[in-house]
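Worksheet: one structure, shown below.
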Amino acid sequence: MALETILDGLSIALLIGITVGFVYTITVYFKGMEKPPFWLYLMFGFVFVASHGILQASAQFAGQLVFLSGLRLVGYLLVFVAVVQLLRSYNSKIKFDKPSGRQK
């Protein structure tokens, strides 16, 4: 086995382990969430984009361009949803005082 294949395998195993640990933490400690907060979308978007980078370097997946492009697209869509969620929560939770016309 080439050293590159071993390193790719370890990278994929580490990414899977991190993802499983993150999902376990979310399901155990955040059971009552109505909808996931923006950082959850951001984390999974990062996982998909990182998976794309790892699999693109792998010889087995290098030729499957449609699969890799789809994986990257899903990752970027999740990051986009995270940004939209962040903007929505920012706009709904922070209210700036508007001048009422009266001055003290």
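The values are calculated or read from the model by the stated rules, or taken from the named source; none is laboratory data. All values derive from a computational prediction rather than experimental measurement. These area figures cover heavy atoms from the full protein model, side chains too; ligands, DNA and RNA do not enter into them. Shrake-Rupley method; radii C 1.70, N 1.55, O 1.52, S 1.80 Å.
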Revision key, fill the gap. Selection from region 1-12 of residues among the hydrophobic types (A, V, I, L, M, F, W, C), in a helix (DSSP H, G or I) and more than 14 Å from F48 (Cα to Cα) yields L3, I6, L7, L10
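Starting from residues that are open to solvent by 60 Å² or more (accessible area, probe 1.4 Å) and modelled with pLDDT of 75 or more, keep the ones in region 30-40 and report whichever is farthest from the chain's Cα centre (by Cα). Can you show your working first?
Within region 30-40, the first condition is being open to solvent by 60 Å² or more (accessible area, probe 1.4 Å), and the residues that meet it are 30-35, 38-39.
Still in the list and also modelled with pLDDT of 75 or more: 38-39.
Values: F38: 9, W39: 8 Å.
Residue satisfying both the conditions and the ranking: F38.
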